[in-house]
1. Can you confirm whether segment 236-251 contains a residue that is on the phi > 0 side of the Ramachandran plot and assigned by TED's automatic domain parsing to the domain that holds A133?
2. For segment 143-161, check the following and say yes or no: at least one residue is of a type in the set (V, I, T), farther than 19 Å from D217 by Cβ and buried (at least 18 other Cβ atoms within 10 Å of the Cβ).
3. Restricting attention to segment 39-71, and to residues there that are under 13 Å from L13 (Cα atoms) and assigned to a loop (DSSP other than H, G, I, E, B), which single residue is nearest to the chain's Cα centre (by Cα)?
4. So the check is Cβ under 6 Å with 6+ separation or different chains; which pairs have a first residue in segment 110-122 that's in contact (Cβ under 8 Å) with a residue 40 or more places away in the chain and a second one that's of a type in the set (V, I, T)?
5. Among the residues of segment 39-65, how many are hydrophobic (A, V, I, L, M, F, W, C) and crowded, with 19+ Cβ neighbours inside 10 Å?
6. Count, please, the residues in segment 72-93 that happen to be part of a loop (DSSP other than H, G, I, E, B) and more than 16 Å from A104 (Cβ to Cβ).
7. Which of (1) touching a residue at least 12 places away in the same chain (Cβ under 8 Å); (2) in a helix (DSSP H, G or I); (3) surrounded by 13 or more Cβ atoms within 10 Å (Cβ to Cβ) does R36 not meet, given it meets every other one?
8. Select, from L132, L87, L78, the only residue that is surrounded by 11 or more Cβ atoms within 10 Å (Cβ to Cβ), of a type in the set (A, V, I, L, M) and in contact (Cβ under 8 Å) with a residue 60 or more places away in the chain.
Amino acid sequence: MGAWGPALFSDDLACDVRDAYRELIEDETTDEEAQRGIMKSYAEVLDDPDDGPVFWLALAATQSKVGRLDPMVRDRALQIIEQGEGLSRWAEEGAKVLARRQAALHKIQLQLTGPQPERKRLRPPWRHITDLAPGAVLAYRVSSGNLVLLRVARVEDDRWGRTPIVSLLRHLDDAIPAPQELNGIPDAPAGSDPLGVPVSGMSNSTILRVWVYRKKDPDYRDVGLSVLEGRIRLRPGDERLDAQAHTHWLALAGDMEGYAGCG
């Protein structure tokens, strides 16, 4: 069902509708344009007997929360609740689950028919913009004295920030490599430490998206990473490279101590 519980927002579709609508409002789209946009994006589910009720209820509840409840959306959601649309799949889960879904819908009904809050201004999320560029090589000297190296394979630019995707290099030495040597250092194999030895009992992701989540969070320089002189040419597949895990710079520094300890 794409749902993990009877609450309205214990459902992937409901969460997607809520988040997409809020993003439109955060971007200062007018109320009318936001509603048209979300309905256009989900046009294929509007009349679906299972997903349609979820869409309308999620949109109505979200609009209500931010003080923008449209009468048409409200009436459609109330009709769904009153007529029990979309409840058949919950009935299949048993009487207790169905009763919990009905209780959740009753709360939404009260929300939609009660006094509505004032319109709220939604601000877009804070975005950190990295100054790292593809090809840059980062070095971190661990407590043993060795250097762990990472290369910036690409930079992902989306709503939440401009963040680097870095690949661990198969290199562990105490000397800084010369600029002309960098292109000869291969990426570390997946599931390995920098020397290519399988790691057991620790995170073994070698391709990471590294975030600065909040303004007060440390950036790469703040935790002891430095950018080496010279660059690595982009490698085949870099433009499509997906992170195996997401992390932040402080956690990555700790992980690199572990990487170095496995060599």
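1. yes
2. yes
3. Y42
4. From residues that are in contact (Cβ under 8 Å) with a residue 40 or more places away in the chain, the pairs are K120/V66; L122/I25.
5. So the count comes out to 8.
6. Restricting attention to segment 72-93, the residues satisfying the condition of being part of a loop (DSSP other than H, G, I, E, B) are 84-87, 92-93.
Retained after the next criterion (residues that are more than 16 Å from A104 (Cβ to Cβ)): 92.
Adding up the residues that qualify gives 1.
7. (1)
8. L132
The values are calculated or read from the model by the stated rules, or taken from the named source; none is laboratory data. All figures in this text were calculated on a predicted structure; none of them were measured in a lab. Every residue, glycine among them, receives a Cβ derived from its backbone with ideal geometry; neighbour counts consider all protein chains shown.
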